[in-house]
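Read the structure below first, then the notes.
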Amino acid sequence: MVIRIVKMTFKLEKIEDFLSFLEENKHKIRNFPGCLMVEILQEIGQPNVIMTHSHWESEQDLENYRNSELFNFVWSNTKIHFEDKPEAYSMLSLDKL
């Protein structure tokens, strides 16, 4: 399993725009082949810092998503609201529990 965490810092006045957009489209991401789960996290004390935390069956599934029309649509409508450069991490789960 691959875990993907993306940290995004938004312009304060654009947070609601992004969250509304995500609400309209999150089911498409969650239903993408190989996606096991997606959650949206907001930092306490810094509401303009939002992270996505997703689990993927494999690296190939994540790459398929990152190369998809859906990703291009979501990303192009997300990055226009950034205040700072995003950070992204792809990790393998070592937890066997």
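The values are calculated or read from the model by the stated rules, or taken from the named source; none is laboratory data. On a predicted model such as this, the values are computed, not experimentally measured, just so you know. FYI the Cβ positions are ideal-geometry reconstructions off the backbone, even for glycines, and counts take in every protein chain you see.
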Counting just the residues of the stretch 2-19 that are within 14 Å of the chain's Cα centre (by Cα) and outside any strand (DSSP E or B), which one comes out nearest to Trp75 (Cα to Cα)?
-> Phe18
What are the residues in the stretch 27-42 that are within 13 Å of Tyr65 (Cα to Cα) and part of a helix (DSSP H, G or I), if any?
-> Lys28, Ile29, Arg30
Selection within the stretch 66-92 - in a strand (DSSP E or B) and in contact with a helix residue (DSSP H, G or I) (Cβ under 9 Å, 6 or more places away or on another chain) | Phe82, Ser90, Leu92
If we scan the stretch 46-57, do we find a residue that is polar (S, T, N, Q) and either without any contact (Cβ under 8 Å) to a residue 40 or more places away in the chain or farther than 12 Å from Arg4 by Cβ (or both)?
-> yes
When only residues in the stretch 74-97 that are free of Cβ contacts under 8 Å to residues at least 60 places away in the same chain and closer than 17 Å to Val38 by Cα count, which is surrounded by the most Cβ atoms within 10 Å (Cβ to Cβ)?
-> Val74
Does Trp56 satisfy the condition of being more than 9 Å from Met8 (Cβ to Cβ) and under 11 Å from the mean Cα position of the chain (by Cα)?
-> no
Surrounded by fewer than 16 Cβ atoms within 10 Å (Cβ to Cβ), modelled with pLDDT of 95 or more and either in a helix (DSSP H, G or I) or of a type in the set (A, V, I, L, M) (or both), is that true of Glu63?
-> yes
